[in-house]
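Undergrad: Here it is, the structure, as structure tokens.
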Amino acid sequence: MTMSTALFLFVTGLTNGAIYALLGLGLVLIYNVTRVINIAQGEFVMLGALTAVGLTTGEATGGITLAILAGAAWALLVLLRRRRWSLLWLPPLGALALSWLVRVAGPYHLPPLLAVLVATVAVAFVGAALYRLTIQPAAAAGEVVFLIITTGLYLGLQGLGLLFWGPGSFSFPSVHGGQIAAGGLRVSYQSLFVLAATFVVLALLWLFFERTLFGKALRAAAMNRLGARLVGISPERAGLVAFAISAGISALAGVLIAPVTYATYDMGLGLGLKGFVGAVIGGLSGYPGAVLGGLAIGVLEAFAAYTTSAYGEAIVYALIIPILLLRVIAVRRGAAT
Amino acid sequence: MRPRSAALGLAGAALLVALPWLLPPFYANLLCFIAIYGGVATGLILLTGYAGLVSLGQGAFYGIGAYGAVVLAGSYGVDPWLSLLLGTLLAAAAGYLVGLPILRLSGHYLALATLAWGIIATILFTQLASITGGPNGFTNVPVLRLFGVDFIDPGRFYYLTLIFAVLAVLALASLIRSRAGRAVRAMRSSEFAAASVGMEVGRLKLQVFVLAAALAGLGGALFAYFIAFISPSAFDLGASIRLLTMAMIGGAHPLGGVLGAAVVTLLDDVLQNVIPNGSGQAGLVQVIAYGAILVGLMLASPRGLEPLLSRLWRVRFRSRPAAAAPPDAVPDAVPDAVPDAVPARAAGPGAAPATAPATVFGTAPDTPAERPQAPAGALLEVRELGRSFGGLQAVDGLGFRLRGGEILGLIGPNGAGKTTAFNVISGLLPPSQGRVLLGGDDVTGQPAQRMARRGLTRTFQNTALFDMSVLENVMAGCYVHTRGGVWAGVLGLGRADEARAEREARGALERVGLSELDARAPALPVGKQRLLEVARSLAMRPAVLLLDEPAAGLRYAEKRELAGLLGALRDEGLAILLVEHDMDLVMSVADRIVVMNYGKMLTEGAPEQVRQDPEVIAAYLGLDAA
């Protein structure tokens, strides 16, 4: 392996790793606030990428349809639970109206930036609605039930992806098509953009959790549900917001990666699992750790795929087991000293 | 077995045998799939439903069994029948090798590790193309043939799959009501409590995991012979999720796996027929429907169909001695035990423990001799024991000796480190400093189940009971001095041990004055839960008993009865370490008292002496009062 190959692999790995890092951030956010390990996290990536593609080409806008469906189901749930008017009506009805508007205004060829924005918001809303419809009602059931629920969500969302967009692969325009050449190494602007976006999201999350009251409330709800409730923070609302932000971040990741690797209906699970491995390397509860872990997984995967082509994937998945074990041992050590 | 259930069973068996004739030929195919998936899902129910270990990688073992069997038979000329066995063994071996590391994980970590394993296995099935045929699949599958009869026709193959499913269901039904099955269910409720009654939690998990892998392997092998062509996609993550869906639909019931398999398989069929084919959307809607069903099911009934099944079948864990042990299986050594046990149940809630016989276990005359003999010196000795959490020294320099036939009270204000001391002594936490000696042997840092096997057990401040009946909870306490592992449980061996355990459990329950034998333990009021924990500990025939606030939540009369019981146990030679906040109780029963404050030992002495110690008074009431 020459130096330039190694550098190339390193940059490729970092680009993919940035996507895993964004997924890891989303997973950690959800895990911290709700103790849910979200198997369906990667599906938000798929939804984000394919919805944005659909909005620019004017072809299939399944993500918006899904948002309408989710909004309708949510509205129905709220309607059945509370007959009197309350603020709780606002998110489902507002989103329902908005997505309907987008739907009837089509077919459209939105400029990419606007498409990204609409797709991100739509997926964030789908995330919130899925939390309200499937996770919150099972809050008492415990982590294993959550796992099976999110497995079901993964299946359902992936199937819907296939239904909406078919088995084809789609590309999305890059932010900037060019490349920087530096010392024999070519780095696309998109790669740099993906990396930059990852750190911007990390910084925004930090600002949100450290500098806003609502962010602090979310952290409180993550640490102690009962305690948070006693001081007037609703763990349910915290979970809702966590799912919305997390789904939004993942959708953004999908839009960012779509120009680099093609977007397909089944891209989600693999991305989500690698994001999870990265997050676990980083300790599963820390945001910077998730980013570093995701980047590390990306680089490792790039080199593994180059050296042992067929088994590159297997090596990354095989890493999950020792990493989890080391983590459990570390936690036990921590308790023992 | 009662005549009616025997007749029902016979009718059911006849129906199962006659099914291929009763249904249109097309359904024979479905029946085969239901039976195969049903057997595999039955293993998964043991794993997920009873042991609480979620596997998202069961498709891997299913695939190893399938590839193992047909590759051996097709490429290496192994006899097809033998290859079924070898495929099963391969899957079991894989289960052992995979389970050994990953079963140290629990909860969703374990589920994710199995998910990763499933994906790795699919990659291997695809990449090892020279053996498995790669993505194109493996077609060279021979025919299963017995005495010139070919098993090709689904109507005939059905009987092979039926045998598999029935054996799997019977194995599970037999296992869960055995000693090992009780332990499997117990460790799901509380691993700490399971370890403190001497259950080898790690080994049990591994055995259950291997058993489930073996069932998946045999199912996979049958599947491969049935469809005569296999490719990696039949064993991928989708297959694992499908199997898990079946298990979740069924819930923790021996018949759950087959029922779940039937629901899912028939649903597939319906979906395929309802949705117009040709558009290629059938499989798609199926996947979405799976997702929706999985989510909907978890929300509607996290326990699956089990509550319904249990109500229909009433497969309850029997509490009548006659049912638990056929009369001829009762060992001669304790002929009077069964007659003793029956009135014990009839005595009703009013039975006072004060009237209990004077032996430790009332009904089993042979037990005191089997209890570890109290040596002349201290049974339990603790030297300079210390335990810190980060910077906090929760226990610091605790030391005492406890002889047989003695009650030592351990008191101190809240946060003094009493419960931490208990956790360290009973092996749930390793100590930071110091030594623990049990019967003169150094047992420092040994795990709780080893301590339990050496005759030391404990109760918990926040009761840690198993989610099963009261009687079964106490029978779980007999684990250390009965025999029969997972394999014995599967084969239904060890009935005599079970009968003996049940008698001892009844004796111990009578001793503490509990008569709600069939009630679910977690549903009892707190006071009775505490007494139940004491009974469970007694059923272990301990030499040293650690009681963590046994009187909390008890009413006055109950406390008096508890005090009487503790006195009687001491007189029988038991060494008791008692943490208790009810000073009247401690002062009245304890022979000596150790006082702790801020992790350190304040003083040790007779109750009278301690009561008047100014330091103790200061610790409890604040310095000014001294």
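Undergrad: For the range A:134-144, enumerate the residues that are of a type outside the set (S, T, N, Q), in a helix (DSSP H, G or I) and within 7 Å of chain B (Cβ to nearest Cβ).
TA: Restricting attention to the range A:134-144, the residues satisfying the condition of being of a type outside the set (S, T, N, Q) are A:135, A:137-144.
Adding the requirement that they be in a helix (DSSP H, G or I) leaves A:135, A:137-138, A:143-144.
A:Pro137, A:Ala138, A:Glu143, A:Val144, listed by residue number.
Undergrad: So if I check each of B:Leu562, B:Leu554, which one is closer than 18 Å to B:Leu524 by Cβ, surrounded by fewer than 22 Cβ atoms within 10 Å (Cβ to Cβ) and in contact (Cβ under 8 Å) with a residue 12 or more places away in the chain? It would help to see each step written out before you state the result.
TA: Values: B:Leu562 fails: surrounded by fewer than 22 Cβ atoms within 10 Å (Cβ to Cβ).
Within the list B:Leu562, B:Leu554, the selection yields B:Leu554.
Undergrad: Further question: Could you list, in sequence order, the residues of the range B:405-432 that are touching a residue at least 24 places away in the same chain (Cβ under 8 Å), over 32 Å from the mean Cα position of the chain (by Cα) and part of a loop (DSSP other than H, G, I, E, B)?
TA: B:Gly405, B:Gly412, B:Pro413, B:Gly415, B:Ala416, listed by residue number.
Undergrad: So B:Ser196 fits all but one of (1) without any contact (Cβ under 8 Å) to a residue 24 or more places away in the chain; (2) touching a strand residue (DSSP E or B) at 6+ places or on another chain (Cβ under 8 Å); what number is the exception?
TA: (1)
Undergrad: Turning to a different aspect of this structure: When you look at A:Gly54, is it at pLDDT 70 or above, under 16 Å from the mean Cα position of the chain (by Cα), closer than 19 Å to A:Ala251 by Cβ and not hydroxyl-bearing (Ser, Thr, Tyr), yes or no?
TA: Values: at pLDDT 70 or above: yes; under 16 Å from the mean Cα position of the chain (by Cα): no; closer than 19 Å to A:Ala251 by Cβ: yes; not hydroxyl-bearing (Ser, Thr, Tyr): yes.
No, not satisfied.
Undergrad: Pairs needed: first member in the range B:71-93, assigned to a helix (DSSP H, G or I); second member anywhere, basic (Lys, Arg); C-beta distance under 8 Å; at least 6 residues apart or different chains.
TA: Partner pairs satisfying both residue conditions: B:Pro80/B:Arg145.
Undergrad: Then there's this: Taking A:Val187, is it over 27 Å from A:Ile39 (Cβ atoms), more than 14 Å from every other protein chain (Cβ to nearest Cβ) and not basic (Lys, Arg)?
TA: Details: over 27 Å from A:Ile39 (Cβ atoms): yes; more than 14 Å from every other protein chain (Cβ to nearest Cβ): yes; not basic (Lys, Arg): yes.
It is true that A:Val187 is over 27 Å from A:Ile39 (Cβ atoms), more than 14 Å from every other protein chain (Cβ to nearest Cβ) and not basic (Lys, Arg).
Undergrad: Report yes if A:Gly270 is within 14 Å of chain B (Cβ to nearest Cβ) and within 19 Å of the chain's Cα centre (by Cα), otherwise no.
TA: Working: within 14 Å of chain B (Cβ to nearest Cβ): yes; within 19 Å of the chain's Cα centre (by Cα): yes.
Criteria met by A:Gly270.
Undergrad: Report, ordered by the first and then the second residue, all pairs with beta carbons closer than 6 Å, sequence separation of six or more or different chains, a first member in the range A:29-49 that is under 10 Å from A:Gly239 (Cα atoms), and a second member that is part of a helix (DSSP H, G or I) and of a type in the set (Ser, Thr, Tyr).
TA: A:Leu29/A:Ser246; A:Ile30/A:Ser246
Undergrad: Another question about this same structure. Does B:Ala35 satisfy the criteria of being crowded, with 24+ Cβ neighbours inside 10 Å and touching a Gly at 6+ places or on another chain (Cβ under 6 Å)? Before the answer, list the steps.
TA: Working: crowded, with 24+ Cβ neighbours inside 10 Å: yes; touching a Gly at 6+ places or on another chain (Cβ under 6 Å): no.
No: the conditions fail for B:Ala35.
Undergrad: Related question: From the residues in the range A:304-337 that are facing chain B (nearest Cβ under 8 Å) and farther than 19 Å from A:Ala279 by Cβ, which one is modelled with the highest pLDDT?
TA: Here the answer is A:Ala314.
Undergrad: Could you please find all residues in the range B:52-66 being buried (at least 24 other Cβ atoms within 10 Å of the Cβ) and either without any contact (Cβ under 8 Å) to a residue 60 or more places away in the chain or within 26 Å of the chain's Cα centre (by Cα) (or both)? Write out each step before concluding.
TA: To start, the set of residues in the range B:52-66 that are buried (at least 24 other Cβ atoms within 10 Å of the Cβ) comprises B:53-66.
Hits for the range B:52-66 are B:Leu53, B:Val54, B:Ser55, B:Leu56, B:Gly57, B:Gln58, B:Gly59, B:Ala60, B:Phe61, B:Tyr62.
Undergrad: Any idea which of (1) crowded, with 24+ Cβ neighbours inside 10 Å; (2) more than 12 Å from chain A (Cβ to nearest Cβ) is the one B:Thr132 doesn't satisfy?
TA: Every condition holds for B:Thr132 apart from (1).
Undergrad: Just for the range B:413-432: of the residues that are crowded, with 24+ Cβ neighbours inside 10 Å and at positive phi, which one is farthest from the other protein chains (Cβ to nearest Cβ)?
TA: Out of the qualifying residues, it is B:Gly417.
Undergrad: Follow-up question, since we're still on this one. If we scan the range A:164-179, do we find a residue that is in a helix (DSSP H, G or I) and not charged (D, E, K, R)?
TA: Residues of the range A:164-179 in a helix (DSSP H, G or I): A:164-165.
In the following step, the residues that additionally are not charged (D, E, K, R) were identified as A:164-165.
Yes, the range A:164-179 contains a residue that is in a helix (DSSP H, G or I) and not charged (D, E, K, R).
Undergrad: May I pose another question? Scan the range B:114-129 residue by residue and report those that are within 8 Å of chain A (Cβ to nearest Cβ) and either outside any helix (DSSP H, G or I) or touching a residue at least 24 places away in the same chain (Cβ under 8 Å) (or both).
TA: Let us first name the residues in the range B:114-129 that are within 8 Å of chain A (Cβ to nearest Cβ), namely B:115-117, B:119-120, B:123-124, B:127.
Answer for the range B:114-129, where residues must be within 8 Å of chain A (Cβ to nearest Cβ) and either outside any helix (DSSP H, G or I) or touching a residue at least 24 places away in the same chain (Cβ under 8 Å) (or both): B:Leu115, B:Ala116, B:Trp117, B:Ile119, B:Ile120.
To keep it simple, each residue is scored yes or no on (1) surrounded by fewer than 19 Cβ atoms within 10 Å (Cβ to Cβ); (2) in contact with a Pro (Cβ under 8 Å, 6 or more places away or on another chain).
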| position | (1), (2) |
| --- | --- |
| A:Tyr154 | no, no |
| A:Leu160 | no, no |
| A:Leu163 | yes, no |
| A:Gln190 | no, yes |
| A:Trp206 | yes, no |
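Undergrad: Additional query: Exactly one of (1) in a helix (DSSP H, G or I); (2) of a type outside the set (Ser, Thr, Tyr); (3) away from chain B (no Cβ under 14 Å) is unmet by A:Val260. Its number?
TA: (1)
Undergrad: Give the range B:92-107 a look and list any residue that's within 9 Å of another protein chain (Cβ to nearest Cβ) and either surrounded by fewer than 22 Cβ atoms within 10 Å (Cβ to Cβ) or under 15 Å from B:Gly238 (Cα atoms) (or both), or say none.
TA: From the range B:92-107, those within 9 Å of another protein chain (Cβ to nearest Cβ) are B:98, B:101-102, B:104-107; that's our starting set.
B:Pro101, B:Arg104, B:Leu105, B:Ser106, B:Gly107 - these are the residues of the range B:92-107 that are within 9 Å of another protein chain (Cβ to nearest Cβ) and either surrounded by fewer than 22 Cβ atoms within 10 Å (Cβ to Cβ) or under 15 Å from B:Gly238 (Cα atoms) (or both).
Undergrad: Tell me which of these A:Leu147 doesn't satisfy, since it passes every other one: (1) of a type in the set (A, V, I, L, M); (2) over 18 Å from A:Leu273 (Cα atoms); (3) not in a loop (DSSP other than H, G, I, E, B).
TA: The failed condition is (2).
Undergrad: Now for a different question. Filter the range A:218-232 down to the residues that are surrounded by 14 or more Cβ atoms within 10 Å (Cβ to Cβ), more than 19 Å from A:Pro137 (Cβ to Cβ) and at pLDDT below 80 and list them by number.
TA: Within the range A:218-232, A:Ala222 is the sole residue that qualifies.
Undergrad: A further question on this structure: Restricting attention to the range B:578-592, does a residue exist that is touching a Leu at 6+ places or on another chain (Cβ under 6 Å), assigned by TED's automatic domain parsing to the domain that holds B:Ile617, in a strand (DSSP E or B) and more than 21 Å from B:Gly198 (Cα to Cα)?
TA: For the range B:578-592, residues touching a Leu at 6+ places or on another chain (Cβ under 6 Å), assigned by TED's automatic domain parsing to the domain that holds B:Ile617, in a strand (DSSP E or B) and more than 21 Å from B:Gly198 (Cα to Cα): present.
Undergrad: Working only within the range B:433-443, note down all residues that are surrounded by fewer than 23 Cβ atoms within 10 Å (Cβ to Cβ) and in contact (Cβ under 8 Å) with a residue 12 or more places away in the chain.
TA: Within the range B:433-443, the subset surrounded by fewer than 23 Cβ atoms within 10 Å (Cβ to Cβ) is B:433-437, B:439-443.
Across the range B:433-443, the qualifying residues are B:Gln433, B:Gly434, B:Arg435, B:Val436, B:Leu437, B:Gly439, B:Gly440, B:Asp441, B:Val443.
Undergrad: Here is a follow-up. So which residues in the range A:284-303 are under 22 Å from A:Met223 (Cβ atoms), within 13 Å of another protein chain (Cβ to nearest Cβ) and either small (Gly, Ala, Ser) or assigned to a helix (DSSP H, G or I) (or both)?
TA: None - no residue of the range A:284-303 is under 22 Å from A:Met223 (Cβ atoms), within 13 Å of another protein chain (Cβ to nearest Cβ) and either small (Gly, Ala, Ser) or assigned to a helix (DSSP H, G or I) (or both), so the list stays empty.
The values are calculated or read from the model by the stated rules, or taken from the named source; none is laboratory data. Source: prediction; values computed, not measured. Ideal geometry is used to build each Cβ from the backbone, glycine not excepted, and the neighbour counts take in all protein chains shown.
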